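The values are calculated or read from the model by the stated rules, or taken from the named source; none is laboratory data. As the structure is a computational prediction, the values presented were derived from the model and not from experiment. All Cβ positions, glycine included, derive from the backbone under ideal geometry; neighbour counts span all protein chains shown. Surface areas here come from the heavy atoms of the whole protein model, side chains and all, with no ligands, DNA or RNA. Shrake-Rupley method; radii C 1.70, N 1.55, O 1.52, S 1.80 Å.
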Amino acid sequence: MLSLLCMSVIVAATTHDILQTSHPVWDVAILDVNGDGYNDVAALSSVEGAYPPEKHILIFWGDDSGRFHSKRVYDFPLTPGAGNAFFSEVDGQSPSELIVVGSHGFTVYSFVNEQFIESEIVPIVSIYPVNTREPLFLKEVSVDLDGDGKEEWLVPVPGGFAIWNTSGLWHELLADIPGEVADIGGEYITYRVPKVYVAPLENQQETVLAFLSDRVADFYYGKDLSQSKRYRIPKTLEQRWDAHTDMKDINSDGWPDLLVTQTEGTINMNVLTQIYMGQPSFTYSSKPEFQIETKGGFSAPALADVNNDNLIDLVMVSIPFSLRNIANFFIRKKISIRIDIHLQHESGFPKKPSFRTYMTMEAPDGRERLTYAWGDFNNDGFLDAIIGSGEDSLNIFTRTEKELLSSKPWKSFDIPAFGVARSVDLDGRGGDDLILFHPGIQESQRIDIVQFSP
């Protein structure tokens, strides 16, 4: 049995809850597990060094205030051969079911009489691993494609995806899932699963399903997804060693637009970010409608409405490899990041950023992860940023009258600066709250939840 502890700190109408377990937490999901109308926290935990692997799903029950308390915790042990898990609406009635990937297929658990009860095992073969020691809640697996209130499962298999519904195997669709075998003192098998994009088409009563790798985008649409089209993503940096893609209807015309980021070089790193606007029949121009190049450092884009004008903007977070930044990394364990915001207008994105600011983050070491997240934490309709600014300091930066993102923090918290931060409206009152967990490091047995009063 896992021992659990919850601590609470309330400062200036902001609540900080600390949920602690006896063993490391690797992932967290927020949903209504028991169907009482309140969000709960589901945590995937594993016992360090155990063989066979010993994993648990811990449910911290929420109440009408959106708070989570250690006195109401459900501990559900997984079978030793279990892999990863996800939640899915299988029967069309709340609450969602728990699905656990295993060597014999996907096991479905229904929540009945305050506990998970096994209801069936679906004999699915996939590329998902089993016997995992660092389990995750799988993303983009469960989607309602036909609008019947029951979610289909998008299961990656060699060469594509198998789509399962309550009746069984529905479709087998081609997709680009590259896999490699590396000999590093033994054979290691890796796959890169494409991103999933699902959205309604412009003025049509149908849905498009797209699988997006760094090489191609595979579109499926029409009745029962009977039509398809493959688009080859342009490779504009010949010496690239990494590429990432994302898809969103940026200009609100009903067709999916494409964001492509390519990286080449190491010491002389070059990052090229391009936007291709989608056109009818899933076509794209040969040249991007917008591109920006970042030289001498790492850069990552994000798409979000920054200034509450219902237009998708482009946010670029960059880490320059300057001598000053390198010195700060080794001497002070700090790094400087640059945030550029390109506000979208009717004519598109401006080449020069609409706003630029610099911030300092605590530099990671070993398995530590940089902590930053976007969300509307003060509920003013504008995008805010959470940055891990010190070893035990987390800062929130918001909009001011003069700046889209202030260089001075709106609020600061004594929270470990490394981990995975996610923004979510926990209590349904509007505005975002924060959930932060710390996989793979000393603070891995702790979940931080920060809620902001509207």
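Data overview
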{"quantity": "Any hit, the range 333-350, residues being within 18 Å of Ala421 (Cα to Cα) and surrounded by fewer than 17 Cβ atoms within 10 Å (Cβ to Cβ)", "calculated": "no"}
{"quantity": "Within the range 148-159, considering residues that are in contact with a strand residue (DSSP E or B) (Cβ under 8 Å, 6 or more places away or on another chain) and either at positive phi or not in a strand (DSSP E or B) (or both), the one surrounded by the fewest Cβ atoms within 10 Å (Cβ to Cβ)", "calculated": "Pro158"}
{"quantity": "Matching residues in the range 111-130 - criterion: being within 23 Å of the chain's Cα centre (by Cα) and under 19 Å from Ile57 (Cα atoms)", "calculated": "Tyr128, Pro129, Val130"}
{"quantity": "Complete set of residues in the range 408-428 that are more than 28 Å from Arg356 (Cβ to Cβ) and part of a loop (DSSP other than H, G, I, E, B)", "calculated": "Asp414, Pro416, Asp425, Leu426, Asp427, Gly428"}
{"quantity": "Criterion violated by Thr294 - all others in (1) within 17 Å of Phe349 (Cβ to Cβ); (2) open to solvent by less than 10 Å² (accessible area, probe 1.4 Å); (3) of a type outside the set (A, V, I, L, M) satisfied", "calculated": "(2)"}
{"quantity": "Residues satisfying the stated conditions in the range 227-261, i.e. β-branched (Val, Ile, Thr) and surrounded by fewer than 17 Cβ atoms within 10 Å (Cβ to Cβ)", "calculated": "Thr236"}
{"quantity": "Residues located in the range 200-254, provided they are hydrophobic (A, V, I, L, M, F, W, C), within 23 Å of the chain's Cα centre (by Cα) and closer than 30 Å to His345 by Cβ", "calculated": "Val208, Ala210, Leu212, Ala217, Phe219, Ile233, Ala243, Met247, Ile250"}
{"quantity": "Tally, over the range 376-403, of residues that are at positive phi and in contact with a strand residue (DSSP E or B) (Cβ under 9 Å, 6 or more places away or on another chain)", "calculated": "1"}
{"quantity": "Single residue of Asp376, Asp384 found to be in contact with a Phe, Trp or Tyr (Cβ under 6 Å, 6 or more places away or on another chain), among the charged types (D, E, K, R), modelled with pLDDT of 90 or more and closer than 29 Å to Asp32 by Cβ", "calculated": "Asp384"}
{"quantity": "Any hit, the range 75-82, residues being touching a His at 6+ places or on another chain (Cβ under 7 Å), charged (D, E, K, R) and at negative phi", "calculated": "yes"}
{"quantity": "Near pairs, Cβ below 7 angstrom, 6+ apart or cross-chain, from the range 330-356 (more than 22 Å from Ala373 (Cβ to Cβ)) to any residue that is of a type outside the set (A, V, I, L, M, F, W, C) and outside any strand (DSSP E or B)", "calculated": "Gly348/Glu289"}
{"quantity": "Enumerated strands (runs of 3 or more DSSP E) restricted to the range 77-130, each holding at least 3 residues that are at pLDDT 95 or above, surrounded by 14 or more Cβ atoms within 10 Å (Cβ to Cβ) and hydroxyl-bearing (Ser, Thr, Tyr)", "calculated": "105-112"}
{"quantity": "Only one of Leu173, Leu145, Leu138 that is farther than 30 Å from Arg367 by Cα, modelled with pLDDT of 95 or more and crowded, with 18+ Cβ neighbours inside 10 Å", "calculated": "Leu173"}
{"quantity": "Residue count for the range 32-76, restricted to those that are basic (Lys, Arg) and either open to solvent by less than 40 Å² (accessible area, probe 1.4 Å) or closer than 23 Å to Ser103 by Cα (or both)", "calculated": "1"}
{"quantity": "Condition broken by Asn325, with the remaining ones in (1) assigned to a helix (DSSP H, G or I); (2) in contact (Cβ under 8 Å) with a residue 60 or more places away in the chain satisfied", "calculated": "(2)"}
{"quantity": "Verdict on Ala162 being out of contact with any Cys (no Cβ under 7 Å at 6 or more places or on another chain), touching a residue at least 24 places away in the same chain (Cβ under 8 Å) and either assigned to a strand (DSSP E or B) or β-branched (Val, Ile, Thr) (or both)", "calculated": "yes"}
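To keep it simple, each residue is scored yes or no on (1) part of a strand (DSSP E or B); (2) within 25 Å of Leu212 (Cβ to Cβ).
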| position | (1), (2) |
| --- | --- |
| Trp255 | no, yes |
| Ile275 | yes, yes |
| Pro288 | no, yes |
| Gln291 | yes, yes |
| Ala300 | yes, yes |
| Asn307 | no, no |
| Phe330 | no, no |
| Ile341 | yes, yes |
| Thr360 | yes, no |
